[in-house]
Each structure stands twice: as C-alpha cells, then as structure tokens.
Amino acid sequence: MRRGINILLAPYFILVPVMIAMFYSLFEFVFKDKLELFSITSPLVFCFLVAICLLVFIVLSLISDFKALKQKDSPEDSPSFVDNEDLLRIILFVAGLIVYVLILPVLHYQLSTIILVAVAAFLLNDTEKIMPRLLKALGSAIIFVLAVYQIFYRIFAVILP
Amino acid sequence: MTLTLVLYTIVGAAIGLLMGSLPGITVTMTAVLVVSLTYGWPMAEALAFIVGAFCGGVTGGCISAIALNIPGTSAAVATAFDGFPLKERGEADNALSLGLASSFLGGLIGLAIMLVLGPVIGTFALRFGSHEYFLITLWGLTLVAVLSRGNIVKGLCSAFFGLFVGMIGMDPIMGMLRFTYGTGILKGGIDFVAAMIGLFGMKEVFKQLSKKSSFNISGTSYSIKGLLPKPHLLKRVWHTILWGGPLGTLIGLLPGTGGDVGCIVAYGVAKQVTKNPSRPFGEGAYEGVAAPEVANNAAIGGALTTMMTLGVPGDSVTAVILGSFYLHGLLPGPTFMLTEKHYFYLIAAIVLVGTIMAYIFGILGSNLILKAINLPKWFLVPFITTLCIVGSYAIKNNMYDVIIMIVFGIIGYLFEKGGFPVGPVVLAIILGPMIERNLRQALIASGGVVPFLTALVTKPISLILLILIILSFVLQSKVMRAAENKVKDAKAG
C-alpha cells in the first residue's frame with residue numbers, strides 16, 4: 001500500500017480565503033469608503049458579480065468533492081493522491097526555490113543558479129553513485145547556466161537577475 | 001517581411017518544434033516562455049518569434065505522439081490513435097512523413113482561408129457597439145467548457161478565480177485601486193505573463209518531480225530520406241486533406257475552439273466518411289494520421305483570424321498570444337483590420353514562413369528531437385525551472401515577478417491535483433479586464449441593467465452573438481466529453 005495523502009481538497013485552502021478576502025474588501029469599500037455597490041457607474045459592480053459566482057461554484061464543487069471522497073474505496077488510486085516521498089520532494093524543491101530567491105540578490109544570477117541547478121540535478125538523479133552524480137550535476141549546471149547566459153543575455157538581450 | 005523577421009520566425013519555429021515535441025512541455029508553455037523573452041524586443045520581431053513558435057509547436061506534437069503514444073501537445077491527441085500503431089507495425093517513417101506533410105498542407109490551407117476571411121470578418125466587426133464588444137469577449141470565456149475537461153463547475157471556479165486575479169490592481173475605467181490589501185507588490189496588478197509561466201511552466205516542474213521514470217524510446221529512429229513527402233501516401237489521403245483543412249480552419253475560427261478540438265473532430269469525421277480506409281481506424285490507418293494533423297495545423301489560421309479580428313482567443317495558446325499582442329501594443333479586436341491591417345498581412349507571412357520551416361525542421365531534426373525526448377529528469381527539471389525564472393524576471397527585471405511565478409506554480413499544481421483546470425485561470429486573467437471594461441461601458445451606455453439586458457436580446461447582432469455563445473458552450477462541452485471518453489477508451493485499449 002502506498003503511503004501518502006489525498007490533496008483533493010487542497011485548492012479550497014486557496015479558493016476559500018480568496019473568496020473571503022474579496023467579500024472583506026467589498027465590505028470595506030461599501031461601509032468604510034461609502035462607495036455604491038449597485039450603481040451602473042460603480043467600480044464594484046463587476047467585482048460583486050464575480051465574488052457571488054465564485055461563492056456559488058466553490059460551494060457546488062465542495063459538495064461534489066465531499067461526496068467523491070466518501071465514495072472512494074481506495075484513495076491511493078485517485079489522481080489527487082500524492083506519495084509521501086513525492087510530497088517531500090516537492091516541499092524541498094519549493095524550499096530550495098525560496099532560498100534561491102533570497103540568495104540571488106547577494107550571489108547574483110550565475111553563481112546562485114549554478115548552485116540551484118546543481119543541487120536539483122544531484123537530488124533528482126537517484127540512479128547513480130554519489131561521485132558520478134555530483135560530477136554530472138556540477139558539470140551540467142555550469143555548462144547550462146553559462147549557455148543560458150550567453151544565449152539570453154548576449155543574443156536575445158534579456159536582462160538576467 | 002525582412003530577412004531579420006524571417007530569421008526570427010525560423011528560430012521561433014525551431015524552438016516551438018522542439019518544445020512542442022517534448023511530452024510535458026505544451027505549446028502553451030512554450031508560447032508563455034517565448035513571450036516572456038520578447039519584452040524588450042521591437043514588435044515585429046517579437047510577433048515573428050512568437051507566431052513562429054506557435055506553428056512549430058503544433059507541428060512538433062505529432063513526433064512524440066507517433067514515437068511514444070504520448071502527444072507532445074493536446075492538439076496531437078488523435079494523431080496517436082493511428083500514428084503509434086503505424087510505428088508498432090514498423091512504419092514509423094511513413095507515419096511521421098505523412099503527419100508532417102499533412103501538418104504542412106493544413107497550415108497552408110488555414111493560411112489561405114485566413115487571408116480570405118480576415119478582411120470579411122474585420123469589415124463586419126466594425127458594426128459592433130459596446131454590447132457586442134461585451135458579448136464577443138464573453139464568447140472567449142466559453143473556452144472554459146473545453147478547458148474544463150468534463151468538470152464544468154471546477155472549470156468555472158478556476159475562471160472566476162482568474163477573474164479575481166485580473167481585477168487586482170487598478171480598476172480599468174476609474175483607476176481606483178482594488179484588492180491590493182495595502183501591499184505595494186499588488187498595486188501594479190499581477191502580471192499575467194508571470195502568472196502564466198507559473199501556471200503552465202512551474203506547475204509542470206512540480207508534476208515532473210512526482211514522476212518516477214523518463215521515457216523509453218529505444219528502437220525508434222527516423223531517416224531523413226524516409227521522412228520526405230511520399231506521393232503514394234499523399235495520393236491515398238488527398239481527399240482527407242481536402243476536407244480536413246477547411247474543417248480545421250472552421251473549428252479554429254469559432255471563438256473558444258482551437259487545434260485540440262479540431263484534431264478530435266477531424267478524426268471522428270474521418271472515421272465516419274472514409275469508406276475504405278487503408279487499414280481499420282485505430283490499427284494504423286493513414287487517414288487517421290492525416291485528418292488530425294491537417295486539422296490542427298489548419299486551425300492555426302482560423303484561430304489567428306478570430307483572435308485578430310474579434311480579439312477572442314481560440315485556445316489557451318492563442319490566449320497567451322493575445323496577451324502578448326497587448327504587451328507589444330497591438331490591440332486585436334473589431335477595429336484591428338481598420339487600424340492595424342498591415343500587421344494582419346505580416347502575421348500571415350510569418351505563418352507561411354513558420355509552417356514551411358516547421359516542416360523542414362521536422363524532416364531534418366526529428367531524430368535529434370527523439371534524443372531530446374529521452375533527456376533524463378534530473379536534467380529536464382532544473383532546465384525548465386531556470387527558463388521559468390529567467391522568463392519571469394525578464395518581464396520587469398524584478399524579483400517580485402519571480403515570486404509571483406513560484407506562487408502560481410504552487411497554485412497550478414494544487415489546482416490540477418484537485419481537478420481544477422488551470423487553463424481557465426489564464427484565460428480569465430487575460431479576458432477579465434476586457435469583459436469588465438466592455439460590460440461597464442455597455443451598462444453606462446444603456447443607462448441601467450434592464451435596458452442593457454433588453455438591448456442584448458433586441459439588437460440583431462447582439463441576439464445572434466448571444467445564441468452563438470450558448471450554442472458553442474453546449475456543443476464544446478459535448479464534443480470535449482466525447483473526446484475525453486475516446487481518449488479514455490484508447491488508453492484502456
């Protein structure tokens with residue numbers, strides 16, 4: 001049996017706060033800033049329509065997902081099921097990206113991107129021994145980052161971080 | 001069309017062909033990454049690069065569909081139904097030769113129809129008022145039915161989430177700040193290119209992290225001689241090409257439908273009308289390769305015509321291209337043929353060069369592309385990540401867009417895992433401000449909600465548009481449901 005979690009309901013942790021934030025903002029505009037909601041010239045009329053529709057469709061979708069969760073006998077067969085190992089890999093990768101964003105202004109594009117690419121390549125290549133993995137990861141990172149620099153900066157005139 | 005533009009188109013077509021053939025890297029993602037690179041470029045060069053990549057990407061989809069039974073793009077889904085069985089029979093060269101030749105001919109048919117219909121639709125569109133403008137932009141949102149892949153409620157949730165994202169920042173009519181919650185980062189709104197790179201590019205990186213193995217293409221190789229056009233094969237499928245091209249263009253012309261719908265419909269029609277196929281469909285019929293390939297490439301001309309003359313995208317790729325046109329100061333829509341007619345013909349010339357080059361590169365480079373498909377995950381994932389970072393940074397040369405890109409990558413991954421399609425989010429981010437502006441202008445012009453609603457059903461053009469919107473939403477939902485079932489059956493078989 002696969003170990004992991006079903007993240008079918010995860011999008012609601014984004015959608016529901018977004019919907020609440022929309023209604024909160026509309027509430028502030030109407031009651032604090034005294035803007036009209038139901039006027040044809042109001043800048044809030046479209047926002048209100050969108051907020052109401054979002055609320056309705058979130059509720060409908062939540063109901064059907066709860067039903068689906070109750071009916072599923074083997075949740076690991078669901079496309080929304082994620083292995084613990086995969087989840088950990090994704091969390092680590094996101095953490096790596098956050099560190100990258102933080103160190104980029106200090107180390108600049110070339111050095112920080114070489115580190116990011118090399119670490120990612122090393123961790124993802126789990127089929128070889130450590131030394132060849134390390135050499136391959138480092139070598140490909142240096143060649144790749146320098147190639148990107150030459151192609152994008154020199155040829156396409158794209159400013160790099 | 002200058003030599004420089006031809007060169008930009010050639011490079012775009014080559015990149016598009018390569019990326020479009022890689023399973024997991026969609027044409028939409030290719031278009032997004034390509035658009036992000038063109039920020040500082042002159043408009044014509046940027047258009048050449050982007051449209052060239054579009055032509056190459058659609059053609060490239062058939063390479064992996066035939067070699068791996070995994071379409072490189074959604075517009076090549078039906079190509080795999082007979083292309084892969086042909087490869088299994090030892091006719092990989094014949095299958096790809098036919099696929100590339102059909103793509104090429106489809107592209108040319110679509111272009112010819114685009115040149116004829118573009119000015120006609122453009123002239124008609126000049127009669128549109130604010131109500132019709134609103135309905136036309138709303139028509140683009142019917143694409144949600146296609147992108148939802150069977151779950152309309154979740155598709156609509158995604159679309160309304162996208163509309164919210166599109167509203168962040170300045171109100172398009174009065175300039176009032178909305179939904180910024182006091183943060184400086186949101187004052188300028190969320191850049192749709194950063195969001196798109198996250199939703200299509202970064203999300204794919206997270207998905208690839210969960211996949212265990214890379215593809216196995218051992219035993220497949222193409223010879224350049226074998227990929228050259230074969231008259232005996234083309235003679236067998238000429239009638240399929242003759243009706244498949246106009247059918248694909250017609251489907252591409254409809255707002256909300258593009259190459260992915262075109263290829264599936266053409267395959268279905270081929271099964272119905274071909275009385276004596278070269279082999280039974282699903283077992284390597286040449287007609288089963290020619291029909292979807294000719295239709296998906298012909299749809300390019302149709303989709304670009306609608307996008308330029310009405311300002312409505314045919315699919316998620318044209319939605320991205322529409323956004324890129326705004327980015328470079330071009331305003332597709334009913335007045336496009338009046339004010340920017342020369343760009344219409346420039347884009348037609350780019351499509352011609354892009355189609356020819358995609359065909360040539362397809363013949364010369366397919367073996368190399370097969371090697372690229374076999375690239376290990378440890379190389380591919382950091383490669384795509386770096387492109388996403390560079391692409392999002394290039395938008396305004398600031399790290400905020402990189403952060404936004406990563407956030408939308410996470411949102412995209414979670415949405416897709418939860419069954420919420422990400423295509424409607426992007427579509428709504430792009431179309432949202434236009435829908436809002438046109439709705440509010442129409443409301444103000446009508447003088448109230450009731451006169452506005454009355455005008456929608458009493459003005460002849462508005463009424464026709466309203467009926468077409470409802471019809472296309474219903475038909476697209478049915479076609480996509482049938483297509484989903486077909487793909488599921490094919491996978492199970």
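Computed from the coordinates by the stated procedures, all read-outs in this text should not be read as laboratory data. Values in this document were obtained by computation on a predicted structure and should not be read as measured data. Every residue, glycine among them, receives a Cβ derived from its backbone with ideal geometry; neighbour counts consider all protein chains shown.
Side notes on the structure shown:
- Estimated FRET transfer efficiency (A:Ile151, B:Phe124; beta-carbon r; R0 60 Å; 0.05): 0.85
- Within 10 Å of each Cβ in B:170-183, the average number of Cβ atoms from other chains: 3
- Here, P(r) means the percent of Cα pairs in each 5 Å bin from 0 to the largest distance; for the stretch B:45-195 it is 2, 7, 9, 11, 13, 15, 16, 11, 7, 5, 3, 1, 0.
- Average beta carbon contacts from partner chains per residue of B:436-445, 10 Å cutoff: 3
- The residue list A:Leu123, A:Leu97, A:Tyr149 was ranked by how far each Cα lies along the charge dipole of chain A toward its positive end, using unit charges on Cβ atoms, and A:Tyr149 comes out on top.
- Basic side chains Lys and Arg get +1 at the Cβ, acidic Asp and Glu get -1 at the Cβ, and with that the dipole of chain B about its Cα centre reaches some 680 debye.
- Gain in span if fully extended, B:Ile224 to B:Leu7, counting 0.36 nm per residue against the direct Cα distance: 75.8 nm
- Between 0 and 90°, nearest 10: helix A:45-71 axis offset from chain A longest Cα axis: 70
- Here the ratio of the Cα radius of gyration of the protein assembly as shown to 2.2 N^0.38 Å is 0.93.
- Computed from label points 7 Å out along Cα-Cβ, the spacing between A:Lys70 and A:Glu128 is 5.3 nm.
- Computed FRET value (nearest 0.05) for A:Gln110 with B:Lys235, which takes r as the C-beta separation and R₀ as 41 Å: 0.15
- Summarised in one figure, the compactness ratio Rg/Rh of the stretch A:1-151, Cα atoms and Kirkwood Rh, is 1.17.
- With distances taken between every two different alpha-carbon atoms, the stretch A:82-155 has a Kirkwood hydrodynamic radius of 13.4 Å.
- Each residue in B:His232, B:His239, B:His328 was given a count of other beta-carbon atoms within 10 angstrom of its own, and listing them fewest first yields B:His232, B:His239, B:His328.
- Taking 0.36 nm per residue of separation and subtracting the current Cα-Cα distance, fully stretching the chain between B:Glu283 and B:Tyr181 would add 30.9 nm.
- With the charge dipole of chain B set up from +1 on Lys and Arg Cβ and -1 on Asp and Glu Cβ about the Cα centre, the Cα lying farthest toward the positive end among the listed residues B:Val351, B:Cys62, B:Ala394 is that of B:Cys62.
- Nearest 10 degrees, 0 to 90: helix B:316-327 Cα axis against chain B principal axis: 50
- Computed FRET value (nearest 0.05) for B:Val457 with B:Met174, which takes r as the C-beta separation and R₀ as 35 Å: 0.75
- Farthest towards the positive end of the charge dipole of the stretch B:248-401, among the residues B:Pro382, B:Ala291, B:Thr339, is the Cα of B:Pro382, using unit charges on the Cβ of Lys, Arg, Asp and Glu.
- Label point distance in nm, B:Val450-B:Asn151, each placed 7 Å from Cα along Cα→Cβ: 4.2
- For a label point 7 Å along the Cα-to-beta-carbon line of B:Lys371, residues of the stretch A:132-154 with backbone N under 17 Å: A:140, A:144
- Compactness relative to 2.2 N^0.38 Å, alpha carbon Rg of the stretch B:306-402: 1.42
- The packing ranking, built from the mean of other Cβ atoms within 10 Å per residue, places the peptides B:457-465, A:8-16, B:153-161 in the order B:153-161, A:8-16, B:457-465, highest first.
- Packing-based ranking of B:347-355, A:87-95 yields B:347-355, A:87-95, ordered from highest to lowest mean Cβ neighbour count within 10 Å.
- The alpha-carbon positions of chain B define a convex hull whose volume is 138 Å³ per residue.
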